[in-house]
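Reading through the structure tokens given below for one structure.
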Amino acid sequence: MPQEAIQVPALAPARQVRIELAERSYDILIGVALLDSAHCYVDLPRASTALIVSNTQVAPLYAARLQAALASAYAKVLLVTLPDGEAHKDWPTLQLIFDALLQNSCDRKTVLFALGGGVVGDMAGFAAASYMRGVPFVQIPTTLLAQVDSSVGGKTAINHPLGKNMIGAFYQPQRVICDLDLLKTLPARELSAGLAEIIKYGPIADMDFFSWIESHIDALLGADSSALAHAVQRLQDFQRQLEFGAGTGASARRTFEQRRYVRGECRPQQHDDPGDVNPDQQNRQRGKSAVDQ
Ligand SMILES: NC(=O)c1ccc[n+]([C@@H]2O[C@H](COP(=O)([O-])OP(=O)(O)OC[C@H]3O[C@@H](n4cnc5c(N)ncnc54)[C@H](O)[C@@H]3O)[C@@H](O)[C@H]2O)c1
């Protein structure tokens, strides 16, 4: 459908963080009332079909609204509802996504939308990385942990009985849409888990932010949208700086490689857990794009 034909409702003010990864760069939108805003979806890859991946807990709350928002951009908007929980982050559940894609003759342009917490995001991302060797996907994280951490960075995976996140791929989303309104239905325990992540990174990011967390802890615990928006944006900014740091480090290392050291002497030490090593950072540290691999 041509873009001009799409009815765009007024856009709620959203903060935007750009993750610069050359041809895989993408935006993180942070704000309220984003789920229903067609504006968030208009310039995503065009396709006849979109597939929403959600779970039994989140789909009844939000899937119909997302389906309605996507209806102006995609002729067919499908939904696959996975069983809820970490115990289902496995092959049989992943297969449900592929079943839905194949049963509906989805082609390689089909766009996947991950609507859920980190479990749904990791599984939908891995399905997107694998289906027909890669289709576009969008993250709509619905837990605080997923908004500040798992939806960004391109790590996707399922668990194996012998290890967590052992089967996966690095695959970047087209966009991350963090609608803070969605956190209002989050169980208190899950909100606290996300806050713990924010508190953990606070002093690493900067001490001013850590002081800000201390003085706004009640607002954060009360899921106040403007406090959460600031915290989510600050964490995302921090991640962006880490990306920049990796790029700057890569330039310095290349200089050393050319002048004095052989390549292996300049490499960062390998991390033990393959699940934590992001090639979008690692390859740039080696002066090499992930697509070269
Ligand atoms: N890819 C990464 O970089 C990365 C980073 C950190 C964690 N992870 C993964 O993320 C997963 C944990 O994610 P999580 O903490 O979001 O857990 P989760 O996805 O299991 O969500 C927690 C619970 O909250 C429910 N829920 C989600 N959104 C809701 C909402 N808006 N309202 C009501 N209920 C809601 C879920 O259905 C679930 O029951 C783990 O599998 C972990 O390995 C991935």
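Points worth noting:
- Derived scalar couplings ³J(HN,Hα) [region 134-144; Karplus, 6.51 cos²θ - 1.76 cosθ + 1.60; whole Hz; x for Gly, Pro]: x, 10, x, 8, 10, 9, 10, x, 10, 10, 5
- Charged side chains reduced to their Cβ positions (Lys and Arg at +1, Asp and Glu at -1) give region 3-185 a dipole of some 200 debye around its Cα centre.
- In region 5-107, the trypsin sites (Lys or Arg not before Pro) that fall in loop regions by DSSP, at most 15 other Cβ within 10 Å: R46
- Flagged links, alpha-carbon separation over 26 Å, of K89/K184; K109/K184; K164/K184: K109/K184; K164/K184
Taken together, the values in this text are just the output of simple stated rules run on the coordinates, not laboratory data. Keep in mind that this is a model prediction, so the values were computed, not measured. Cβ sites come from the backbone with ideal geometry, for glycine too, and all protein chains shown count toward neighbours.
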